[in-house]
1. Taking the Cβ of T77 as the centre, find all other residues whose Cβ is under 11 Å away and add up their charges (Lys, Arg: +1; Asp, Glu: -1).
2. So how strong a dipole does the chain carry about its Cα centre when Lys and Arg Cβ are +1 and Asp and Glu Cβ are -1, to the nearest 20 debye?
3. How much of the accessible area of the chain, in percent, comes from carbon and sulfur atoms when a 1.4 Å probe is used?
4. For the chain, what does the relative contact order come out to in percent, with C-alpha contacts under 8 Å and a separation of six or more?
5. Taking all pairs of different Cα atoms in the chain, averaging 1/r and flipping that mean, what Kirkwood radius in angstroms comes out?
6. Within 10 Å, count the other beta carbons around each residue, average over each peptide in 113-119, 213-219, 143-149, 64-70, and list them highest first.
7. Can you give me the Cα centroid spacing of the range 47-120 and the range 1-34 in angstrom?
8. Length gain on complete extension for the stretch A35 to A47, per 0.36 nm per residue less the alpha carbon to alpha carbon distance?
Amino acid sequence: MLYSVRMRAAQGGPHEAGGRHISGAERIAGAGDLAALATEMLTRALAHSRGRADFINITVEAINAENVRRVPLLPVTTVAVPDVAAGREAAVAQLIKAGVAPAAARQGLAALLGLADSMRGAMLVCAESGRRLDNKALRGVRVSRMDAADPAGLTAFLSRRGLNNAHVREALVLAAKVAAAPGVVAELCWSDDPEYTAGYVASSQGYYRFPYLKPYGSPVGGRVFFVAPGCDQAALIEYLERQPVLVTAPEEESECSL
Ligand code: AMP
C-alpha cells in the first residue's frame, strides 16, 4: 500500500483562516516510512527560515498503486548568470523558447514580482495573453501527490551533479509532474526561502536553473504555470492536485541492478 503524505504549515492560524504560509511538503511512501516522514515534516515546519509555524497539518492518505502515473525527470541545465537582473532576463528568454508569448512571459514574471507575500500554490497564466486564469487568489493551485520513484536513487543522481539539496530535489519532482500536465507550456519558479536565491524555468524541453532569480533575504517566492490557450482548466487542476505521480530518474534502472 502506498500513501500520500502532505504537510502545510502557517503562522497566525490555518491558511484558510488567513494564516501566513510558512512551509509545505509532499511525499509518497510505504507504510514503513510514514512515522519517519511525519517527524521529518514536523521538524521542517518548526524550523523554517520564513518563521515559526503555529499551525501544522500533516495528512496521510492511502493511494491506489494502480492509479500511479510515472513521468521522467527533466534534464537539468544550470545557466550561469551573474545577478538577479540577468537571471530574470535569461528566464524570460527560456520561457519564450519553451513556447510562451514574449508579452505573456513578462506578465508572468511581473505577477510574481507583484506578490506582497508568498502564495501557497501556483498561478495559472495564459501562455498567449499573459492573463491569470485561476481564481484561487493567494492559495493558487497546489500540486500534490508526487514523489521520486526511487528517492535514494534521485539523491545519488543529484549528488553526482553537486545539486543534492532539498530545494532542487523537491522542485525537480514537482517540475516533472507539471511539465507532463495536459496543457502546461512552461513553469517559472523561485523559492520563498529567504536564504535561497535560485529559481528555474521548466518545460518538456528541460529544467533550467538560474542561480539568481530573487535577492538574498526576500521571503517572497512563487510559481507560475503558463498554460496553452483553450486548455481544459478543470482537467488540468484535477491532474495537478489529485493524480499520484512518481518521477523516474534516468540512471535509476542501471543503479538498481548494480
Ligand atoms: P518553494 O520552492 O517550496 O520555496 O516554493 C516557492 C513557491 O512555490 C511557494 O511560495 C508557492 O507559491 C509555490 N509552491 C510551493 N509548493 C507548491 C506546490 N506543491 N504546488 C504549487 N505551488 C507550490
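1. Values: positive: R161, R209; negative: none.
Local charge sum for T77: +2.
2. On the way: 27 positive and 26 negative charges, 124 e Å.
I would put it at about 600 debye.
3. Details: 6090 of 11340 Å².
That share works out to 54 percent.
4. Working: 559 pairs, mean separation 61.7, N = 258.
Value for the chain: 24 percent.
5. Working: mean 1/r = 0.0540 Å⁻¹.
The answer is 18.5 Å.
6. Details: 113-119: 13.7, 213-219: 16.1, 143-149: 22.6, 64-70: 11.1.
Per-residue mean Cβ counts within 10 Å order the peptides as 143-149, 213-219, 113-119, 64-70.
7. 18 Å
8. On the way: separation 12, 0.36 × 12 = 4.32 nm, distance 1.86 nm.
Contour length minus the Cα-Cα distance gives 2.5 nm.
The values are calculated or read from the model by the stated rules, or taken from the named source; none is laboratory data. Values in this document were obtained by computation on a predicted structure and should not be read as measured data. Don't worry about glycine lacking a Cβ; one is built from the backbone with ideal geometry, like all the others, and counts go over all protein chains shown. Please note that ligands, DNA and RNA were not included when accessible areas were found on the heavy atoms of the full protein model with its side chains. Shrake-Rupley method; radii C 1.70, N 1.55, O 1.52, S 1.80 Å.
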